[in-house]
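S.K.: Here's a structure for you.
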Amino acid sequence: MTSFKVSEANVKDFLNLPSMNDQAGISFAYATDPEKLASLIPAPLKLVAPIVVGYVVHMGKPSFGAPYLEQTLYALVSYDGKMMGAYPFELLLHGPGAESGLVAGREGACIPKKLADDITLRRTGDHAEASVVRHGKELLHVEFDQGEINEPSFTEQFASMLPLNQEVQTNSFFFNYNLKQDEQGANHFENVELVATQMKSYTDQLEAGKLSITLDSTEDDPLGELPVLKPLGAAWYHFNTSTMFNTLHLTPVDAAATAPYLITGRYDRGIYDPSVTSYHI
């Protein structure tokens, strides 16, 4: 039986090589407003292209809990002119393993994760669609129709993100931090640092297709702040394996300058203004 004091073997196995295996769903990309996108990326990261990439997937066999569904939107960025990767603005989770996925991601790598009211992902024949609902509002709806992608000139770049039948290493950038309460009771962000999580993933299914997408916002989840100027394409994909094998601690950053970027993806607005808290029961 489980105890409030676990064994040394349990401690050794705690969040060991966290993996999101048997991962299937829709990946997509669209062109957005370059100035708006750049304004949402904290230093020292730099925007690579005015493109938002995202997915809605079913995590079939996570190594840290039950299956769940997950959605994200991220920018393609660089660090120090050499290291490339993703900068996720938000991740929303739903399903039996959603709480485990949220806790593992936020506590393990300070990933901006929150729980959705509902995420659905359906495929029938050559068509698939997904929707994400939080606080009673549909924030994202995507549809995939197998065939050519929306923007043929983007085909090579899009395919390079999910190369088929080979293991690929990718980076995702996040900001780790501590919260420290002062004598007046206020909490402050301290020891803020840029980190990069490194993943090894193996894509064993990839089907290109046309993307249809709509985004919306609430006061807690401003997905619509990243406008869709032009859908570029979508893909139905399956990762046989996907493992976070390393976290790089890259550089300390200015806490005051970075703090405004750290709240919305992780917390709702009630954490700084309780008078505007919503109730959805």
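S.K.: Give, in nm to one decimal, the length gained when the segment between Arg123 and Leu248 is fully stretched (0.36 nm per residue of separation minus the Cα-Cα distance).
M.R.: Full-extension gain reported as 41.3 nm.
S.K.: Something else now. Please report the net charge: other residues with Cβ closer than 14 Å to the Cβ of Asn191, K and R +1, D and E -1.
M.R.: For residues surrounding Asn191, the net value is -2.
S.K.: Quick one: putting +1 on the C-beta of Lys and Arg, -1 on the C-beta of Asp and Glu, what dipole do you get for the range 169-281 around its Cα centre, in Debye to the nearest 20?
M.R.: So the dipole magnitude of the range 169-281 works out to roughly 480 debye.
S.K.: Using the charge dipole of the chain (Lys, Arg: +1 at Cβ; Asp, Glu: -1 at Cβ; taken about the Cα centre), state which of Tyr267, Tyr68, Met20 has its Cα farthest towards the positive end.
M.R.: Ranked along the dipole, the leading option is Met20.
S.K.: Got a sec? Charge dipole of the chain, +1 on Cβ for Lys and Arg, -1 for Asp and Glu; which of Gly224, Thr258, Gly147 is way out at the positive end?
M.R.: Toward the positive end, the furthest listed residue is Thr258.
S.K.: Work from the charge dipole of the range 20-268 (Cβ charges, +1 for Lys and Arg, -1 for Asp and Glu, about the Cα centre) and give the residue of Val168, Leu47, Trp236 farthest towards its positive end.
M.R.: Val168
S.K.: Which entry in (i) 18.9; (ii) 16.9; (iii) 17.8 matches mean projected area of the Cα convex hull in nm² derived from the coordinates of this structure?
M.R.: (ii)
S.K.: Can you work out ³J(HN,Hα) from phi for every residue in the range 241-257, in order, using Karplus 6.51 cos²θ - 1.76 cosθ + 1.60 and θ = phi - 60°, giving whole Hz and x for Gly and Pro?
M.R.: Using θ = phi - 60°, the values come out as 9, 7, 10, 7, 9, 7, 10, 9, 9, 8, 6, x, 10, 5, 5, 5, 6 Hz.
S.K.: Okay, next question. Over the chain, calculate the relative contact order: mean separation of alpha carbon pairs under 8 Å at least 6 apart, over the residue count, as a percent.
M.R.: 21 percent
S.K.: Another one. I want to check the label-to-label distance for Asn191 and Asp204. Put each point 7 Å from Cα in the C-beta direction and report it in nm to one decimal.
M.R.: It works out to 4.1 nm between the two label points.
S.K.: Over the chain, with a Gaussian network built from C-alpha contacts below 10 Å, which listed residue (Gly125, Gly108, Gly65) shows the highest mean-square fluctuation?
M.R.: Of the options given, Gly125 has the highest mean-square fluctuation.
S.K.: Let me ask something else about it. If amide hydrogens are placed 1.01 Å from N in the peptide plane, which non-local residues have theirs closer than 5 Å to the one on Val48?
M.R.: Leu76, Val77, Ser78
S.K.: Consider a paramagnetic label point 7 Å from the Cα of Thr214 along Cα→Cβ; state which residues of the range 222-246 have an amide N under 14 Å from it.
M.R.: 224, 228
S.K.: So, with +1 on the Cβ of K and R and -1 on the Cβ of D and E, and no other charges, what is the size of the charge dipole of the chain about its Cα centre, to the nearest 20 debye?
M.R.: 460 debye
S.K.: Let me ask something else about it. Can you give the extra length, in nm with one decimal, that the chain gains between Glu183 and Ser39 once fully stretched, where that is 0.36 nm per residue apart less the Cα-Cα distance?
M.R.: 48.5 nm is the gain from fully extending Glu183 to Ser39.
Quick note: the coordinates plus some simple rules give every number you see, no bench work behind them. These figures come from a predicted structure and were not determined experimentally. Note that each Cβ is placed from the backbone with ideal geometry, even for glycine, and that neighbours are counted across all protein chains shown.
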